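Asker: First, the structure itself, so that you have it in front of you.
The values are calculated or read from the model by the stated rules, or taken from the named source; none is laboratory data. Being a predicted model, the structure only gives us computed values, none of them experimental. Here the Cβ is made from the backbone with ideal geometry for all residues, glycine too, and neighbour counts use every protein chain on show.
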Amino acid sequence: VLMQITQEVCKWPSLNRTCFDIHTIYNPNRAKPTRCVNQIDEAAKTIDKAIQMTLQHTLNALEHDCKLISRRCHEDIAADAARGRANCGARFRFLLFSLLALVLPVLLAICVSQPVAIQFLGYSTPLHDFLVPLYRRFPAEYSSHLFGGVAAVALFCFVLARLCGRTAKRLTRAERRRLGQVSDHVTGFVEAQRKELYTAYLKQSVKDSDF
């Protein structure tokens with residue numbers, strides 16, 4: 001369409017009084033000479049230069065994108081590994097506080113159940129012999145306070161187990177393997193292809209310059 005408009009303008013110079021700021025390019029016709037200068041070579045050089053700049057920019061952007069994708073994959077894998085270590089610590093804290101929440105009431109129950117154990121077993125266990133003297137040091141009128149304190153500590157340990165035992169969501173094994181494959185593909189195949197294209201581009205640029 002542009003060439004048709006230009007040819008029409010060249011046929012009728014009086015139409016070009018508005019001074020179109022465009023390259024005069026047209027298919028020359030020896031049978032119909034014209035006074036307009038054919039700037040098709042200049043336009044071709046301008047287009048070629050734009051293509052070369054776009055190609056170089058695309059290759060440079062591809063290199064940056066490859067590094068960015070590879071870095072993001074490694075960062076995601078490293079972050080997942082860090083979440084795994086944090087989850088191990090959270091599970092350990094959950095087990096520790098849960099054990100305390102269960103052990104304290106059990107120990108108190110053992111102290112109280114000494115007469116029952118003697119009645120059924122006929123003797124007192126070593127654990128009873130160790131805990132009952134400690135339990136009897138508390139006055140009888142403060143036994144309710146002791147039960148309430150042990151219940152409060154057990155409840156507090158249970159709440160701590162719930163709060164400190166929260167784990168973060170981790171990537172699945174397939175997702176980690178996929179991230180590794182993407183990183184290897186980008187750094188291995190795509191980057192190699194980019195280098196080959198960039199080398200071919202440089203060789204073509206040198207040939208064009210020599211020409």
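Asker: Going residue by residue through region 30-51, is there one that turns out to be polar (S, T, N, Q), modelled with pLDDT of 65 or more and closer than 30 Å to Y198 by Cβ?
Answerer: Within region 30-51, one or more residues are polar (S, T, N, Q), modelled with pLDDT of 65 or more and closer than 30 Å to Y198 by Cβ.
Asker: Still on this structure: Among the listed residues L55, L99, L59, L104, which satisfies the condition of being under 30 Å from V153 (Cβ atoms), at pLDDT below 85 and surrounded by 11 or more Cβ atoms within 10 Å (Cβ to Cβ)?
Answerer: On the way: L55 fails: under 30 Å from V153 (Cβ atoms); L99 fails: at pLDDT below 85; L59 fails: under 30 Å from V153 (Cβ atoms).
Within the list L55, L99, L59, L104, the selection yields L104.
Asker: Next question. Quick check on my filter: what residues within region 44-63 are among the polar types (S, T, N, Q) and within 29 Å of the chain's Cα centre (by Cα)?
Answerer: If the condition is that a residue be among the polar types (S, T, N, Q) and within 29 Å of the chain's Cα centre (by Cα), then Q56, T58, N60 are the ones that fit.
Asker: Looking only at region 132-182, count every residue that is modelled with pLDDT under 90 and touching a Cys at 6+ places or on another chain (Cβ under 8 Å) and tell me the total.
Answerer: Of the residues in that region, 3 qualify.
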